[in-house]
Amino acid sequence: MSNVSEKEQLRRAVRSFGEWADARFPVERYGEWETEYDDWEHLHQAATAMLRCECGAWDDETKELLLFVIARDNEVEFVADQLTERQVIVLADASIHSVHRDAKWQLAVRLSKYPLATGLEQILLALADDADEYVRRRALMALADVGSPS
């Protein structure tokens, strides 16, 4: 058993990914560049371990690390598919002020799977006002899926 916390494991896995990305794509990143990463298993394991922790105890850094991983995992969506309803809501709310557009739209899609509730609708409305067109479109589709009067 490791003495390293789940958060520290996640932090290290994200740092390794970032170092790889900076070395491999120092100037421009386009298309599905993330899929070329060779150590997705480690990044997925670290994120999954963090998801087993109570999301009410996640601090802002933990949420940001998870949003980073979800955003980078936008082709396979492995991490987003592991989220519980509560985790989706917590991370979607945190994503509103995040730069991770590829996390935002994935979370909006998952929010569309849950019954309409005031908090959920407010998050989707905020995402529907995002600067990114694709995030806005996915949030609007999710609002329609949950039957929002908005």
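The values are calculated or read from the model by the stated rules, or taken from the named source; none is laboratory data. Just so we're clear, the structure is a prediction, and the values are computed from it rather than from any experiment. Glycine also receives a Cβ, built like all others from the backbone with ideal geometry; neighbour counts cover every protein chain displayed. Ligands, DNA and RNA are stripped out before the accessible areas are found, and what is left, the full protein with its side chains, is counted by its heavy atoms. Shrake-Rupley method; radii C 1.70, N 1.55, O 1.52, S 1.80 Å.
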> Ignoring ligands, DNA and RNA, what accessible area per residue does the range 26-150 give at 1.4 Å, in Å²?
Replying inline: 52
> Under a point-charge model restricted to the Cβ atoms of Lys and Arg (+1) and Asp and Glu (-1), what is the dipole moment magnitude of the chain relative to its Cα centre, in debye to the nearest 20?
Replying inline: 320
>> Angle check, please: helix 101-111 long axis (alpha carbons) against the longest principal axis of the chain (alpha carbons), in degrees 0 to 90, nearest 10.
In response: 50
> Counting only protein heavy atoms, what percent of the accessible surface of the chain is carbon or sulfur at a 1.4 Å probe?
Replying inline: 48
>> Can you give me the angle between helix 133-145 and the longest principal axis of the chain, using Cα atoms only, in degrees from 0 to 90, rounded to the nearest 10?
In response: 50
> Which loop-located GluC sites (Glu not before Pro) does the range 10-73 contain, where loop means any DSSP state but H, G, I, E or B and the Cβ has at most 16 other Cβ atoms within 10 Å?
Replying inline: Glu28, Glu32, Glu54
> Given the options Ala139, Ala49, Ala103, which has the most mean-square fluctuation in a GNM of the chain, springs set between C-alpha atoms less than 10 angstrom apart?
Replying inline: Ala49
>> Keeping all protein chains in place and using 1.4 angstrom, which order do Tyr30, Tyr134, Tyr37 fall into by accessible surface area, from largest down?
In response: Tyr30, Tyr134, Tyr37
>> Percent of Cα-Cα pairs more than 20 Å apart in the range 63-150, please.
In response: 22
> Please report, for the Cα atoms of the chain, the Rg to one decimal and the Dmax as a whole number; what are they, in angstrom?
Replying inline: 15.5, 50
